[in-house]
1. If you bin the C-alpha pair distances of the chain every 10 Å from 0, what whole percents do you get?
2. For Leu111, what charge total do you get from the other residues with a beta carbon under 14 Å from its beta carbon, if Lys and Arg give +1 and Asp and Glu give -1?
3. Work out, step by step, the length gained on full extension between Thr462 and Phe369: first 0.36 nm times the residue separation, then minus their alpha carbon distance; give nm to one decimal.
4. How large is ³J(HN,Hα) for each residue in segment 13-27, as worked out from phi by the Karplus curve 6.51 cos²θ - 1.76 cosθ + 1.60 (θ = phi - 60°), to whole Hz, x for Gly and Pro?
5. For the chain, take the longest principal axis of its alpha carbons; what is the angle in degrees between that and the long axis of helix 247-259, to the nearest 10 within 0 to 90?
6. Let's test the formula: R0 of 22 Å, r as the Cβ-Cβ distance of Met453 and Thr491. What FRET efficiency results, to the nearest 0.05?
7. At Val93 and Asp112, where each label point lies 7 Å from the Cα along Cα→Cβ, what is the point-to-point distance in nanometres?
8. For the pair Arg20 and Leu163, how long in nm is the line joining their label points, each one 7 Å along Cα→Cβ?
Amino acid sequence: MSATEDRKLSGKEVAQHNTRESCWIIVHGKVYDVTEFLDDHPGGSKIILKYAGKDATQEYDPIHPPDAITTNLSPEKHLGPVEPDTVEKVEVVITDEEKARLERAEHKPTLDEILNLHDFEFIAKQVMPEKAWAYYSSAADDEITLRENHAAYHRIWFRPRVLRDVTRVDLSSTILGHKTSMPIYITATALGKLGHPDGELNLTRAAANYNVIQMIPTLASCSFDEIVDNAKPDQVQFLQLYVNKDREITKRIVQHAEKRGIKGLFITVDAPQLGRREKDMRMKFEADDPSEVAKAGGKGVDRSQGAARAISSFIDPGLNWSDLSWFKSITKMPLILKGVQCWEDALEAYDQGLAGVVLSNHGGRQLDFARSGIEVLVECVTKLKEKRGLTFPNDKFALLVDGGVRRATDVIKAVALGATAVGIGRPFLYAFSAYGVEGVNKALEILRDEFEMNMRLIGAPTIKDIVPEMVDASNLSSHIVSVPEDNLYHTSYEVMHHATLKEI
Ligand SMILES: Cc1cc2c(cc1C)[n+](S(=O)(=O)[O-])c1c(=O)[nH]c(=O)nc-1n2C[C@H](O)[C@H](O)[C@H](O)COP(=O)(O)O
């Protein structure tokens, strides 16, 4: 039975379909029969059954692009609109912790009090919903690589040159041949709406304001088209791709992205399975109850692994080098591998004619004790020169780096060591979670100001003037050197008990 054009379904009717045998939910005022979809839902059946016969919009929005339900359910399962005032309101209980969080958010520092990217992290930790903080900040296992990503930059020291005319400083550069106001791009990070209702659109808008490139994540909360529609006509965007076990779905995504003008396809290769991120796991997304799993023939997906596992069961662990020729057959977009962690794989990517690699360990969220991107960069520059006579930065084969970058000096060090550009993730998430698009604007402004000042101080008027001789990375690969404690970063990192905003 469904609603006719003029007759709307009543909340009472929907509420009768609240079992595994007949399961209807309401999302954005529309009723959907999800009975047959229950066991195919990547997030498992339990979370849907929790909202069977009810309005699931509030739970649905932070995790799914708006069009996820309409594209994944065949039209006959779209039962039509519900009469809004017949729907029983889902009672939202505001706990004392929630009240305290909202209070802190209300009284957080103003943007002009923010001086660096660490401030965003410290504030976001106090004002973000716990589940969002857990998902964004978490990293794999003991989070050693998370901290190493940042600490590695502290093992690189500058060798500045003086008495150079740095009246005018030009930060502009190119990435894959596309102009950027500075060699920084906003990297792909999933589930933007966990931190802010506008999700990834905050990044799209700020990227346009500051002329930097945004990499759109496969697992964005906003739909791909929504993100592209919100970009300025000439705004350059890349797509980060998790390859689906169903290659037809991947082909559709890739060819649609090319049609929409995406300028680079970044295939994520360090996540055949998403890492065990314990802060995220502690937030336990709904676990399938054993009787449900038994009924579904043991097909339940373990939900106790947090959001990461809940949204990633589609990723193909079978992806391998022989797939690259297939990718070349379905798209003309430049192909880049994101998550390369040794020179051998970078060399293989070069030999297979790709446009570059991102030397990255996924922000420490995958293999713990993976080396930092910056350390792998030095290894790749040395070996690709030795094996193929390449010099870097290189327009034909870009070495990009991400992970732990929190200062413009980190970016300058990467560029000096041969990187074309650097991706930044968490700081922008924290910035928009606490302040929306204005926060991301401010973060980019801080990076630009730091960049300009530090280029003057090392004696480099343009990006091309930043050369290897300007850094001493001789200690980079020895992980035992002690460097001055980075309190700002570690303060944010350490679990803070009863810290209040007044301490900023
Ligand atoms: C912080 C964060 C990073 C994610 C990310 C989500 C978050 C919250 N997600 S994840 O849910 O699957 O792990 C993605 C993702 O969708 N795809 C991807 O290629 N990298 C993903 N990354 C890794 C990201 O692209 C960068 O490699 C990493 O963020 C760089 O480190 P910083 O955060 O320290 O800048």
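1. 4, 18, 28, 26, 15, 6, 2, 0, 0
2. Overall, the nearby charge balance is -4.
3. Residue separation times 0.36 nm, minus the Cα-Cα distance, leaves 30.0 nm.
4. Going residue by residue, I get 4, 4, 4, 6, 9, 10, 10, 5, 6, 8, 10, 10, 9, 10, 9 Hz, with x marking Gly and Pro.
5. Taking the Cα atoms of the chain, the angle to 247-259 is about 60 degrees.
6. So, using R0 = 22 Å, E works out to roughly 0.40.
7. About 4.3 nm separates the two model spin labels.
8. 8.1
Each reported figure results from applying straightforward, stated rules to the coordinates on display, with no laboratory input. Given the structure is predicted, the values throughout are model-derived calculations rather than measurements. Heads up, the Cβs are rebuilt from the backbone with ideal geometry, glycines too, and the neighbour counts pull from every protein chain shown.
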